[in-house]
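What follows is a short report on a single structure.
Derivation of every value follows stated rules applied to the coordinates shown; laboratory data play no part. Fair warning: this is a prediction, and the values are worked out from it, not measured in the lab. Cβ coordinates were reconstructed from backbone atoms using ideal geometry, including for glycine residues, and neighbour counts include every protein chain displayed.
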Amino acid sequence: MVVGVAGERPTGGRIGPVSGVAAVVLAAGASVRMGRNKLLLTLGGETVVRRAVRTAWAAGLDPVVVVTGHERDAVEAALHGLPCRTVFNSEHARGQHTSVGAGVAALAGDSAPPKAVAPEANPPAPAPPADRCSAAIVILADMPFVTADMLRAVAERHAATGAPVVASRYGGEIIAPPILYDRRLFAELARMDRRCGRQVVQRHRADAVEVDWPEEMMRDLDRPSDYANARAELSARPPAAQAPDPLAAAAEPAHG
């Protein structure tokens, strides 16, 4: 089943929460081709990893679990104040599949409660009960053109269809994140090998739903030229096209 392309709309605040859909943001890689930690590079006045986590929050996904690995302390510091939880993947060097497994295990309650990234004035919220999460969207932190509206559309397709997989399809043919996996597939995700989620998607392809996006939305940050191009494009966008910052929203005075 294929769903039509949804356009990006400016976001002035957080979209209403999505019931039972979590985010697993993969932020553990070593950025070998970039030559430095790409997640700590700046786009539009914030780090790449902060942008990805903030976008997941703006889409209404809850909880937002961030899997860290390489330069863990610096990456987690970049998330200060955001409503997310972190899970450290000590096996991140073995491949991305280990980070997906770590994130899914945290959602399934198979690991110790992860560290909360929140202002020191506020104690970390307890991990949500395992039965609260009915699905999870796996997000790559180095895909800066993925928007809150894209994530929301993926979550809404799952709510409407109950499909075990809701995959993003770019340019009519390329399957790539963000990809939603129903909770029924969490055990499969935990067992997968280096082919990452592709094998799970293929296994359930007949029942999967695909959401179409323009191919340019799939761009990621692998090399210095990718970063230079993304920085130039995003800096030219008006502020209204950026996802909101939860810290800024919390600081706004109440009206009424």
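Calculate, in nm to one decimal, what Glu215 and Gln199 gain on full extension: separation in residues at 0.36 nm each, minus their alpha carbon distance. Spell out each step's value before the answer.
Working: separation 16, 0.36 × 16 = 5.76 nm, distance 2.19 nm.
Gain in length upon complete extension: 3.6 nm.
Out of the DSSP beta bridges found with both residues in segment 147-222, what percent are antiparallel (nearest 5)?
Numbers: 6 of 11 bridges.
About 55 percent, rounded to the nearest 5.
Most exposed first by the Cβ proxy, i.e. fewest other Cβ within 10 Å, how do Glu46, Glu210 rank? Write down the numbers at each step before the final one.
Values: Glu46 15, Glu210 20.
The fewest-first ordering by Cβ neighbours comes to Glu46, Glu210.
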Between Arg33 and Ala160, the FRET efficiency computed from the C-beta separation at R0 = 35 Å comes out, to the nearest 0.05, as 0.40
In nm, the gap between the two label points placed 7 Å beyond Cα toward Cβ at Asp222 and Glu188 is 2.6 nm
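Ranking request for peptides 219-230, 144-155: highest mean number of other beta-carbon atoms within 10 Å first, then the rest in descending order.
Details: 219-230: 15.9, 144-155: 23.3.
Answer by packing, highest mean first, reads 144-155, 219-230.
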